[in-house]
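Data block below; observations after.
The values are calculated or read from the model by the stated rules, or taken from the named source; none is laboratory data. Note that the structure is predicted; figures quoted are calculated from it, not measured. Note that we place each Cβ from the backbone using ideal geometry, even for glycine, and neighbour counts take in every protein chain shown. We work out accessible area using only protein heavy atoms, side chains counted, and drop any ligands, DNA or RNA first. Shrake-Rupley method; radii C 1.70, N 1.55, O 1.52, S 1.80 Å.
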Amino acid sequence: MAVRLCDVASLLRSGSWAAEPWTGQVIAAMETQLSNGPTCNNTSNGPSTISNNCSSPVESGSIEDSKTNLIVNYLPQNMTQEELKSLFGSIGEIESCKLVRDKITAALLGHGASPGTLTDLHLSLQVSYARPSSASIRDANLYVSGLPKTMTQKELEQLFSQYGRIITSRILVDQVTGVSRGVGFIRFDRRIEAEEAIKGLNCQKPPGATEPITVKFANNPSQKTSQALLSQLYQSPNRRYPGPLAQQAQRFRLDNLLNMAYGVKSRFSPMAIDGVTSLAGINIPGHAGTGWCIFVYNLAPDADESILWQMFGPFGAVTNVKVIRDFNTSKCKGFGFVTMTNYDEAAVAIASLNGYRLGDRVLQVSFKTNKTHKA
DNA sequence: TTGAATT
């Protein structure tokens, strides 16, 4: 029955259930079969399980099952179950096939934000053995921050491998520069291994490091997806019915905006800046690779994220807002950050909101710079 | 008066 699918599975790196990127015949088949399908620019991905001899991927646990049960990550958000089935069905008979979606947002679950269309799948599709689910392997995923920027994935694994068998590891990097963000993930085979790693490594300095790292259990990847998608729901009414600030902003001419944002001596123009945003290592205030980061100062102690969404949303695409709080009191430390996708919308927001009176406070709004309070 | 980071 499932002979050919087993053959495909055997092409996967054996000896480990760890997720390994694989681009082989399946991807070629997918391009052939799906290139006429709809395309989109959605970021993301999502895991699905494909099995040819096990009715439910979440039950059972034999080694045999594990070799015919696959998990597929980095699928495009608009992929249908039929397309997935068609894709793998061209290789062998499929017993069952399931797209796993977020209960609230219906977004495909899984890891990775990987822009792509159906024809770009070879850039991001990942096919791995699905490990049999059980209590002992659940919640074995760790989030690690404060890593030295020079630490490699291999070194990260070396550091954690003393506590158990590592299933996957990752270090997040800046999309533009490729430099480590000092944040990573380690998934252990078993939860008890992860617990031991927390005990042993949290607040410890890795060899040669000057700062201690933070090690804790990772959030579920779907949580952020839900957050981002839901926040867009809040944004859209404002964009359809712009408030007074947005209307005011639209009166500004584009050629004035840079002067307002950068000062009259700026030699940049919007076109020039758009032209260089793809280059690495260029020092443009506020530009972080994924958007334009805006610094908002003089927020009240009880300010929260929603006020930032409300203020900036009407000006355009806002991908992230953050109120910086004191760890102990949870009160706002007086400032926050907003990330906007498009330069011109960010510039209008800054021009309009800088000096804006919020309650009894006058806000200062600008592109974020690299100031630090030390030295 | 310029963080945290969640694939």
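Taking residues in segment A:309-328 that are under 11 Å from A:ALA349 (Cβ atoms) and in the same structural domain as A:LEU363 (by TED's automatic domain parsing), and partners anywhere that are basic (Lys, Arg) and more than 10 Å from DNA strand B (Cβ to nearest atom), the pairs with Cβ atoms closer than 8 Å and at least 6 places apart or on different chains are A:GLY313/A:ARG239; A:PRO314/A:ARG239; A:GLY316/A:ARG239.
Checking segment A:51-73 against the condition returns a match, with at least one residue being over 28 Å from the mean Cα position of the chain (by Cα) and modelled with pLDDT of 75 or more. When segment A:159-215 is limited to residues that are charged (D, E, K, R), within 11 Å of DNA strand B (Cβ to nearest atom) and not in a strand (DSSP E or B), the one that is nearest to A:LEU147 (Cα to Cα) turns out to be A:GLU211. Looking at A:ARG131, is it away from DNA strand B (no atom under 11 Å from the Cβ), modelled with pLDDT under 85 and exposed (fewer than 15 other Cβ atoms within 10 Å of the Cβ)? Against the criterion (away from DNA strand B (no atom under 11 Å from the Cβ), modelled with pLDDT under 85 and exposed (fewer than 15 other Cβ atoms within 10 Å of the Cβ)), A:ARG131 does not qualify. Scanning segment A:141-158 for residues that are buried (at least 20 other Cβ atoms within 10 Å of the Cβ) and within 10 Å of DNA strand B (Cβ to nearest atom) gives A:ASN141, A:LEU142, A:VAL144, A:LEU147. Give the residues of segment A:284-317 that are modelled with pLDDT of 95 or more, open to solvent by less than 10 Å² (accessible area, probe 1.4 Å) and under 20 Å from the mean Cα position of the chain (by Cα), sorted by residue number. Of everything in segment A:284-317, just one residue is modelled with pLDDT of 95 or more, open to solvent by less than 10 Å² (accessible area, probe 1.4 Å) and under 20 Å from the mean Cα position of the chain (by Cα), namely A:ILE294.
Please specify each residue of segment A:358-375 satisfying the condition of being more than 15 Å from DNA strand B (Cβ to nearest atom) and either without any contact (Cβ under 8 Å) to a residue 12 or more places away in the chain or not assigned by TED's automatic domain parsing to the domain that holds A:GLY291 (or both). Hit for segment A:358-375 is A:ASP360, nothing else. Looking across segment A:318-330, the residues that are of a type outside the set (A, V, I, L, M) and either touching a strand residue (DSSP E or B) at 6+ places or on another chain (Cβ under 6 Å) or within 8 Å of DNA strand B (Cβ to nearest atom) (or both) come down to A:THR319, A:ASN320, A:LYS322, A:ARG325, A:ASP326, A:PHE327. When each of A:SER169, A:SER134 is tested for being under 17 Å from A:ASN219 (Cα atoms), out of contact with any Pro (no Cβ under 7 Å at 6 or more places or on another chain) and polar (S, T, N, Q), the lone residue that passes is A:SER169.
You will find that of A:GLY110, A:GLY164, the residue that is modelled with pLDDT of 95 or more and buried (at least 16 other Cβ atoms within 10 Å of the Cβ) is A:GLY164 and no other. Residues that are open to solvent by 50 Å² or more (accessible area, probe 1.4 Å) and among the β-branched types (Val, Ile, Thr) within segment A:318-373 comprise A:THR319, A:THR329, A:THR341, A:VAL362, A:THR369, A:THR372, listed in sequence order. Every test in (1) among the hydrophobic types (A, V, I, L, M, F, W, C); (2) in contact with a Pro (Cβ under 7 Å, 6 or more places away or on another chain); (3) modelled with pLDDT under 80; (4) open to solvent by 20 Å² or more (accessible area, probe 1.4 Å) is passed by A:LEU118 save one, and that test is (4).
Candidates in segment A:288-308 are the residues that are in contact (Cβ under 8 Å) with a residue 60 or more places away in the chain and touching a Lys or Arg at 6+ places or on another chain (Cβ under 9 Å); of these, the one that is farthest from A:MET340 (Cα to Cα) is A:ALA300.
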